[in-house]
């Protein structure tokens, strides 16, 4: 824990000394009493996922109570405070290296955010070399972002509503090698603008590749309002955290750091209170 706090604290102090960037803000998510009306999905494909499948894959919607659910509610509250403070609604989720839990964190954070009645949530799997967000719902094969970018398949044919509240998933589709080029194409830029501005009550999360593995995050991060960095307790090194933070320094704000797999692989509310370090 000390090495994570130390790396983030150094980054925070350096960022505070920098002049504040000028940012264009989207309409912020609505707070307070304005609830989003019940949504009936007509064009978006709805897939019913059994609770047993969700629990097996540690997806939040499969749990009715307990520390696991409470932990993500705490994380959701912290994230929403920071988004609303800045008028942001597009968040990228990444990690320094592979297998640090970023995709499961992205899925569970998205579902937790969708439990708030004041907004809808769209999770886009933008890890185009290693698509995996759909697997969290037991969906083996499906089209996705790649099919839109490269094959011209309409977006509405690629979205999936897994029967969970106001949550919609856009899978990545088939893996490709030229992922950075696809993510920075004019077609992708237009899609992000559409997702960002069409619904003022929508939060958009992008599950991105690891920062230190590909150029994708550096190329795509200007399209996001901020990044969330997922690190694994006992695995991610201080050097990896510092390298990851330095790569995005001055270009994209880092909302905070999520400490994943703390203790014996179990997340508790006490642990989650320390997950956002900035």
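Order by neighbour count: 188, 170, fewest other Cβ atoms within 10 Å first, most last.
Ascending Cβ contact count within 10 Å gives the list 188, 170.
What area, in nm² and to one decimal, does the C-alpha convex hull of the range 48-119 cast on average over all directions?
Working: hull surface 23.4 nm².
Convex hull of Cα atoms, orientation-averaged projection: 5.9 nm².
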- So for the range 217-264, what are the equivalent ellipsoid semi-axes in whole Å, largest first, each being the square root of 5 times an eigenvalue of the Cα gyration tensor? 22, 12, 7
- Item | Residue order, fewest to most beta carbons within 10 Å, for 155, 192, 258 | 155, 192, 258
- Plugging the Kirkwood radius over Cα pairs into Stokes-Einstein for the range 41-173, at a temperature of 37 °C and a viscosity of 0.692 mPa s, what D comes out in µm²/s? 213 µm²/s
- Message: Can you report the principal axis dimensions of the range 83-155 using only the alpha carbons, biggest first, rounded to whole angstrom?
- Response: 37, 31, 23
- Query: What ranking of 249, 261 emerges when the number of other C-beta atoms within 10 Å of each C-beta is taken as an exposure proxy, fewest first?
  - Reply: 249, 261
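Quick note: the coordinates plus some simple rules give every number you see, no bench work behind them. This is a predicted model, so every value here is computed, not measured. In this analysis, Cβ positions are derived from the backbone assuming ideal geometry, glycine residues included, and neighbour counts consider all displayed protein chains.
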